[in-house]
Structures are given as structure tokens and as C-alpha cells.
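S.K.: I have a structure here, written as C-alpha cells, and I will follow up with some questions on it.
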Amino acid sequence: GHTQEAQQESAKEMVRQWQRNLRSEARGLDRSIRKIEQEEDKIRKDIQAMAKQGGDPKSIQMLAKSLIRSSKAKDRLYTSRSIMQSAVAELETTAATMRLSDSMSKSAEVMK
């Protein structure tokens, strides 16, 4: 029985490790998203300033296109983050199931 317990412990530890990694990845994505949003704000201000000064329409168009590109990139980051969050939730479920079967096998041993 000891090797099985050791295996279960290492499995639990692995699940915890995965959860930690996924959470820190998700935090990294949050940081990237915030950075993109700050860039977008800057670009919007630049576009407005250029439009007021009657700037070159081509430059304004280029900035507008980069704004669209960054918003698409941001969408991809949001998607990745939600996938990670659902993976974390899935791992939570797996861990809970492991705990449940663990306690059930313990109580079954007690009943013997």
C-alpha cells in the first residue's frame, strides 16, 4: 500500500504544480493584455492628435491598422487565458476526485 500512497502523493503534487504553472502563465497573459491596452490608448491619442493637426491620412490609416492588429492580438490572449483558466478548473476537479477516491479507499480500509 505504501507505493500506491507515494504515487498518489506525487500525482497530487504534479496537479498542484500544473495549477501553479497555469496560474502564473495566466498572470503573464494578463500583464501582456494590460501592456497592449496601454499601447492602444497611446495610439488612439496619437491618431486624435494627428487628425486635429490635419496630419497625413496614410499615417493615420497605418496607426488605425495597428490598432486593429493589436486588438486581434488581445483577443487571442484573452482566448488563451480562458483556456488556461478552464484547464485550472479541470485540474481542480481532478484533484477533488483524487481526494474523494483517496478518502473512500481509506474509509473502506477502516471498515474491513
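The values are calculated or read from the model by the stated rules, or taken from the named source; none is laboratory data. For clarity, every value in this text was computed on a predicted model and none was experimentally measured. Every residue, glycine as well, gets a Cβ built from its backbone with ideal geometry; the counts of neighbours run over all protein chains shown. Quick note on the areas: whole protein, heavy atoms, side chains included, nothing else; ligands and nucleic acids left out. Shrake-Rupley method; radii C 1.70, N 1.55, O 1.52, S 1.80 Å.
S.K.: Residues to consider are I60, I47, I68; find the one that is in a helix (DSSP H, G or I) and surrounded by fewer than 15 Cβ atoms within 10 Å (Cβ to Cβ).
M.R.: After applying the criteria, what remains is I68.
S.K.: Just one of S80, S101 is in a helix (DSSP H, G or I) and either surrounded by fewer than 10 Cβ atoms within 10 Å (Cβ to Cβ) or modelled with pLDDT of 90 or more (or both); which is it?
M.R.: S80 is the lone residue from the list that is in a helix (DSSP H, G or I) and either surrounded by fewer than 10 Cβ atoms within 10 Å (Cβ to Cβ) or modelled with pLDDT of 90 or more (or both).
S.K.: OK, next. If we scan region 12-31, do we find a residue that is open to solvent by less than 100 Å² (accessible area, probe 1.4 Å) and more than 20 Å from the chain's Cα centre (by Cα)?
M.R.: Taking every residue of region 12-31 in turn, at least one turns out to be open to solvent by less than 100 Å² (accessible area, probe 1.4 Å) and more than 20 Å from the chain's Cα centre (by Cα).
S.K.: What pairs come out if I take residues in region 10-30 that are at pLDDT below 90 and pair them with residues that are open to solvent by 40 Å² or more (accessible area, probe 1.4 Å) and of a type in the set (D, E) whose C-beta lies under 7 Å away, six or more apart or interchain?
M.R.: Within 7 Å, no pair qualifies.
S.K.: Among the listed residues E39, E92, identify the single one that is farther than 30 Å from W18 by Cα and within 26 Å of the chain's Cα centre (by Cα).
M.R.: Criteria check complete, one pass: E39.
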